[in-house]
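I have placed the structure first, in the form of structure tokens, so that the comments after it can refer back to it.
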Amino acid sequence: MKQEVIKNKEDFINIVEACKEFFLLKHSLTCPISAAAHQQFDRFAEETSVPCFILFVQESRALSDHIAEYTGIRHESPQVIQFQEGEAVWHDSHSAITKERLLEV
């Protein structure tokens with residue numbers, strides 16, 4: 001499944017309301033660790049039917065901060081958060097983000 005880029009709070013609210021479950025990757029455009037995590041997230045997105053979204057931290061810092069406040073999960077980059085029924089139910093960051101780990105979740 002293709003990933004959709006989200007850029008603002010309204011996008012996020014619409015996704016929370018529309019999707020029973022989804023994954024979100026907070027991605028830094030300048031970090032090599034984040035680039036590796038993004039590749040793993042891409043591979044995962046190709047194999048799952050669960051919607052996958054990405055935000056670019058440098059372009060959407062206010063959204064990233066809003067999600068940290070909404071979930072109570074401290075911002076990290078890269079970071080993947082799994083949402084179910086509007087709640088963050090799992091998250092991980094940095095080199096722990098692998099296609100295999102995401103498929104296990």
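What to note about this one:
- Residue that is least open to solvent (accessible area, probe 1.4 Å), among those in the range 49-95 that are assigned to a loop (DSSP other than H, G, I, E, B) and touching a residue at least 60 places away in the same chain (Cβ under 8 Å): G86
- Among all residues of the range 8-23, there is none that is open to solvent by less than 10 Å² (accessible area, probe 1.4 Å), at pLDDT 95 or above and of a type in the set (S, T, N, Q).
- Residues (within 19 Å of V89 (Cα to Cα), touching a helix residue (DSSP H, G or I) at 6+ places or on another chain (Cβ under 8 Å) and not β-branched (V, I, T)) located in the range 28-55: F41, F44, P51, C52, F53, L55
The values are calculated or read from the model by the stated rules, or taken from the named source; none is laboratory data. All figures in this text were calculated on a predicted structure; none of them were measured in a lab. Here Cβ is always computed from backbone atoms with ideal geometry, including for glycine, and neighbour counts include all displayed protein chains. Just the protein is used for accessible areas: all its heavy atoms, side chains included, with ligands, DNA and RNA removed. Shrake-Rupley method; radii C 1.70, N 1.55, O 1.52, S 1.80 Å.
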